[in-house]
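Take this structure first; my questions come after.
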């Protein structure tokens, strides 16, 4: 359906703030259901974004959207994730084809600017009025089905968008959560990141060439993500206090950090930092106290974000977008059912975040490091962890049971290494509490 234009006002059923994976997914699915949808993306596509490693559970979602072939065309085949260990190969591989349940046996690594642009254009093809280069300045509600968004295009022109429902998919900007003072800092975990792209880095041999590799160093962990064209994305996620110690050029600090891990440094020994460009992002773990209210809903990073060690961001955003579409459809058809539908969605999304968070909060600790470096499949626990890494965190009871058993195994490990566990926990919480 085509949106209406009355003077300087655009009229629609749903306005979506943000044209990333979550916003574009929600927009495309709502348009398919016959709703008039406007998407307002502040930047112009293609625009740089981190978060290049996708999960297998993204693939069924891409298929439902009708874009799986397009993702395959722009991606590097990823059959698993590997973690540094003292095995003869120097790493342990968690292959997705060993997961429990029905998650796909592989995923892809992509340039996010390519993925985001493709999904944005796909939303437009589905009938969405998708506009990039348009910043939302304010959102005012005069009723649960009457919101007015003030927008400014990058040519300086301004107009308003009147909508019955607003989806906030603005990412870390968290437009509505910030305006409504809903955002709260994560007091359990904080981290920061410094990253860049390399040419000439060593890939894993054979069928493991597309794997994401995870390394550890004294102050956090490092990713290596193979991208199209022989490019390797490399980034260090560290405690905020460590990032604050950098002096001089970011490039020098970044390279010194990467050289802290001998195995990783070897894989980069013949590599070149593309354009000599390094990017930095500060503390970023947070959530919002509420996910939704009458006539509005938050999805993806606009609601919450954790450390990216398990590459969960795109999947959580797109899964949340699918859930939000059901909530919005229900609310517009039966307003009395809106609050209950929002509560159900919030419980589900928070549950998924909690299941990732258990591993994320403890990943830098000695007990979790040992379990990932020396995986064992007693009671199929390793396969349960692989399922978590694949993104199968919601509906599989066999996976849930293995994750519960893994927590018990972790507890045993804590008791056997209590002193080092306690030291790491104190350090993690002190970093989360620091400004």
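The values are calculated or read from the model by the stated rules, or taken from the named source; none is laboratory data. Predicted, not measured: the structure shown is a model, and the values here were computed from it. Using ideal geometry, Cβ is built from the backbone for each residue, glycine included, and neighbour counts are taken over all protein chains shown.
In this structure, is residue 157 more than 30 Å from residue 363 (Cα to Cα) and surrounded by fewer than 17 Cβ atoms within 10 Å (Cβ to Cβ)?
Against the criterion (more than 30 Å from residue 363 (Cα to Cα) and surrounded by fewer than 17 Cβ atoms within 10 Å (Cβ to Cβ)), residue 157 qualifies.
Pairs, please: C-beta under 8 Å, at least 6 apart or cross-chain, first residue not assigned by TED's automatic domain parsing to the domain that holds residue 380 and in the stretch 393-421, second at pLDDT 95 or above and not in a helix (DSSP H, G or I)?
none
Need the failing condition index for residue 181 against (1) outside the structural domain of residue 20 (by TED's automatic domain parsing); (2) farther than 19 Å from residue 21 by Cα, just the number.
It is condition (1) that residue 181 fails.
I want to confirm something. Restricting to the stretch 7-38 and keeping residues that are in a strand (DSSP E or B) and more than 20 Å from the chain's Cα centre (by Cα), which single residue is nearest to residue 133 (Cα to Cα)?
Here the residue is 38.
For (1) over 25 Å from residue 108 (Cα atoms); (2) part of a helix (DSSP H, G or I); (3) within 25 Å of the chain's Cα centre (by Cα), each residue gets a yes or a no:
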| position | (1), (2), (3) |
| --- | --- |
| 381 | no, yes, yes |
| 395 | no, no, yes |
| 401 | yes, yes, yes |
| 414 | yes, yes, no |
| 421 | yes, yes, no |
| 425 | yes, yes, yes |
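Could you run through the stretch 4-50 and say how many residues are farther than 18 Å from residue 116 by Cα, surrounded by fewer than 19 Cβ atoms within 10 Å (Cβ to Cβ) and in contact with a strand residue (DSSP E or B) (Cβ under 8 Å, 6 or more places away or on another chain)?
Number satisfying all stated conditions: 5.
Moving on. I'd like to verify a number: residues in the stretch 295-306 that are in contact with a strand residue (DSSP E or B) (Cβ under 6 Å, 6 or more places away or on another chain), assigned to a loop (DSSP other than H, G, I, E, B) and either in the same structural domain as residue 214 (by TED's automatic domain parsing) or under 30 Å from residue 221 (Cα atoms) (or both), how many?
Going through the stretch 295-306 one residue at a time, the tally reaches 1.
Output the residues belonging to the stretch 368-401 that are surrounded by fewer than 16 Cβ atoms within 10 Å (Cβ to Cβ) and under 20 Å from residue 54 (Cβ atoms).
Of everything in the stretch 368-401, those that are surrounded by fewer than 16 Cβ atoms within 10 Å (Cβ to Cβ) and under 20 Å from residue 54 (Cβ atoms) turn out to be 394, 395.
How many of the residues in the stretch 173-189 are assigned to a loop (DSSP other than H, G, I, E, B) and either closer than 30 Å to residue 139 by Cα or at pLDDT 95 or above (or both)?
6
Next up: Do we have residue 370 as touching a helix residue (DSSP H, G or I) at 6+ places or on another chain (Cβ under 7 Å) and part of a helix (DSSP H, G or I) here?
Yes.
Moving on. Within the stretch 61-171, considering only strands (runs of 3 or more DSSP E) that don't extend past its boundaries, which have at least 3 residues that are more than 21 Å from the chain's Cα centre (by Cα) and under 30 Å from residue 230 (Cα atoms)?
91-95
Can you go through 339, 324, 317 and tell me which one is farther than 14 Å from residue 300 by Cβ, in a helix (DSSP H, G or I) and either in the same structural domain as residue 25 (by TED's automatic domain parsing) or at pLDDT below 95 (or both)?
The match here is 339.
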